[in-house]
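Working notes for the structure below.
Only the coordinates and a few stated rules stand behind these numbers; no lab work does. Computed from a predicted structure; not experimentally measured. No Cβ is skipped: glycine too gets one built from the backbone with ideal geometry, and neighbour counts run over all protein chains shown.
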């Protein structure tokens, strides 16, 4: 039974069903609420520099390939595994497994790197990798 749609009289009637009407009514009082007055809040800029040392996991998926177990078992050092991407392709950048941006793969002084080309501006930041 829901009291949501009951009137005040119907609720009083239900409360008085089983006993002396005079006895029951003196313990029931209508709720009194104070007037709500909004408070002015000063805008302050939150200090977030403490987040500077928080470590996160940054992932860039350079590509993928399919291999069977026999090929994995026969892998040896300095063996080249071909991926499904070519130099200059766009890759996805993820932070803690959430897609953050697109980037371009670069080679700088024989070191692999990425250049961010666009950031995720969509509401749905949980999209999968390309």
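The calculated FRET efficiency for the pair residue 80 and residue 111, based on their C-beta separation and a Förster distance of 22 Å, comes to about 0.80.
Summarising the label geometry, the points placed 7 Å from Cα in the beta-carbon direction at residue 59 and residue 15 lie 5.9 nm from one another.
Ranked by the mean number of other Cβ atoms within 10 Å per residue, highest first, peptides 9-16, 94-101 order as 94-101, 9-16.
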